[in-house]
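Since the structure comes first, as structure tokens, the remarks are kept for the end.
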Amino acid sequence: MIRHFMIISILSISCTTFSNRLCAQTTGVGAGIIVGGPTGITAKFWTSGQNAIDLSLGWSDNGQWTTFRNGYAYYYSQSLLHINADYVWHSFHAIKSTERFPLYYGAGVDFDSGNSVQTAFGLRAVGGIEWIPHSVPLDVFLELAPVIYLSPPAGLGLDAGFGARFFFH
């Protein structure tokens, strides 16, 4: 995890140092990492100045500790492949600042599958905050997404993540 943040920092410093023309925009395609539930890679495709499609491909560890009668504990891992796609709207005027901190919200779909876990499909409602610096083609975000699973096992879930994306123009 620290390695990922070091890579993002190096990219940010390099972009600032070596290019005066680069700036974070609300256009183009961004790719990066997300840490949390799920942890993996993320991409963002701007469709207009306020709307985008966010995608994530990652994994989650829904493990649990099991204690046996002899007192020994065992961690049982249930790794999940996690895929989600959201259509989001950005509110650039919600937070007054010289920096750009848009709030965003949207809806999408969620797909989970893994070892010893039934495949699940659900609907997501996502909300978060993003920092879009003026001088580098980067965004940093924090999001929360409740999920309603429609296929077995039906139920509720919650995804939360912190991440960053580098934008290619």
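The values are calculated or read from the model by the stated rules, or taken from the named source; none is laboratory data. Please read all numbers here as calculations on a predicted model, not as lab measurements. Cβ coordinates were reconstructed from backbone atoms using ideal geometry, including for glycine residues, and neighbour counts include every protein chain displayed.
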**OP:** Being over 14 Å from the mean Cα position of the chain (by Cα) and small (Gly, Ala, Ser) is the filter here, so list the residues in the range 91-116 that pass it.
**Re:** 91, 94, 97, 113, 114, 116
Original post:
Across the range 107-149, what is the total count of residues that are closer than 21 Å to residue 166 by Cα, at pLDDT 95 or above and among the small types (Gly, Ala, Ser)?
Top reply: 2
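Select from the range 131-156 the residues that are in contact with a strand residue (DSSP E or B) (Cβ under 8 Å, 6 or more places away or on another chain), among the β-branched types (Val, Ile, Thr) and surrounded by 14 or more Cβ atoms within 10 Å (Cβ to Cβ) and list them in ascending order. Let's see the steps before the verdict.
Here is the first cut: in the range 131-156, the ones in contact with a strand residue (DSSP E or B) (Cβ under 8 Å, 6 or more places away or on another chain) are 131-134, 137-153, 155-156.
Then drop every residue that is not among the β-branched types (Val, Ile, Thr), which leaves 132, 140, 147-148.
Hits for the range 131-156 are 132, 140, 147.
In the set 47, 27, 39, 67, which member is farther than 20 Å from residue 166 by Cβ and modelled with pLDDT of 60 or more?
Values: 47 fails: farther than 20 Å from residue 166 by Cβ; 27 fails: farther than 20 Å from residue 166 by Cβ; 39 fails: farther than 20 Å from residue 166 by Cβ.
Step by step, each of 47, 27, 39, 67 is checked, and only 67 is farther than 20 Å from residue 166 by Cβ and modelled with pLDDT of 60 or more.
Does residue 161 satisfy the condition of being in contact with a Phe, Trp or Tyr (Cβ under 7 Å, 6 or more places away or on another chain), at negative phi and part of a strand (DSSP E or B)? Write out each step before concluding.
Details: in contact with a Phe, Trp or Tyr (Cβ under 7 Å, 6 or more places away or on another chain): no; at negative phi: yes; part of a strand (DSSP E or B): yes.
The answer is no for residue 161.
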